[in-house]
Amino acid sequence: MSSADQVRLITRRPFYAFKAAADCSGIYGGNAMRQWFVLLALGLFMGTAHAGKCVSGNKTLYTDTACPPGWQGTALGGNLSRISPEPATEAANQQFLQKRQAEENEYQARIAREQAESVRTEVNQCHWLGNQIRQLDYDYSVRRNARLPEQEDYRRRYRALRDQQARLRC
């Protein structure tokens, strides 16, 4: 028999889509087909939620609900199946999210304090550098007839102080 005849023979046979499930009815007591259809129905009718990606600045939030105010939504490819959690789990999740938000607020407050402190520190450093330059000018003016090595030392120290002021943008 040629391969073409075998193909014709295979295509002429009736196709039983659920033959395997029907053959298992003796093993599982006739419930295999029913179980298969129940699983199929559950799969088809189970609620699916569209997964979303919300972006705000450099932060990203993945959610299956609408984006919070101030966040911009970007759709993801695919679906997300969600089974509602038990009330205790939902409460624990909310508690965790509240704790995380409190930690984020503390972190942002600390960053703001550190930035304000660094500005104050820079102002204090600028003031200190200004005083150092005035003191150096006074010392140099008192010793007008300084020798060359002392003049070079004065110029080196003066340049170093001016460079620090330039770095701090005083």
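The values are calculated or read from the model by the stated rules, or taken from the named source; none is laboratory data. Treat the numbers as computed from the prediction; the structure is a model and nothing was measured. As a convention, Cβ positions derive from the backbone with ideal geometry for all residues, glycine included, and neighbour counts pool all protein chains shown.
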Within the stretch 130-157, take every residue that is more than 27 Å from Leu168 (Cα to Cα) and not charged (D, E, K, R) and give me the one that is surrounded by the fewest Cβ atoms within 10 Å (Cβ to Cβ). Asn145
In the stretch 98-107, is there at least one residue being in contact with a Lys or Arg (Cβ under 9 Å, 6 or more places away or on another chain), surrounded by 11 or more Cβ atoms within 10 Å (Cβ to Cβ) and within 30 Å of Lys53 (Cα to Cα)? no
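With the condition kept exactly as written, say whether any residue in the stretch 80-96 is exposed (fewer than 10 other Cβ atoms within 10 Å of the Cβ), in a helix (DSSP H, G or I), on the phi < 0 side of the Ramachandran plot and free of Cβ contacts under 8 Å to residues at least 12 places away in the same chain.
We begin by selecting, within the stretch 80-96, every residue exposed (fewer than 10 other Cβ atoms within 10 Å of the Cβ); these are 83-84, 86-88.
Now restrict to residues that are in a helix (DSSP H, G or I): 87-88.
Restricting the remaining residues to those that are on the phi < 0 side of the Ramachandran plot gives 87-88.
The next check asks that each one be free of Cβ contacts under 8 Å to residues at least 12 places away in the same chain; those that pass are 87-88.
Checked against the condition, which is being exposed (fewer than 10 other Cβ atoms within 10 Å of the Cβ), in a helix (DSSP H, G or I), on the phi < 0 side of the Ramachandran plot and free of Cβ contacts under 8 Å to residues at least 12 places away in the same chain, the stretch 80-96 yields at least one hit.
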Pro69: passes all of (1) modelled with pLDDT of 85 or more; (2) outside any helix (DSSP H, G or I); (3) surrounded by 11 or more Cβ atoms within 10 Å (Cβ to Cβ) but (3)
Give the number of residues within the stretch 51-65 that are among the aliphatic types (A, V, I, L, M) and outside any strand (DSSP E or B). 0
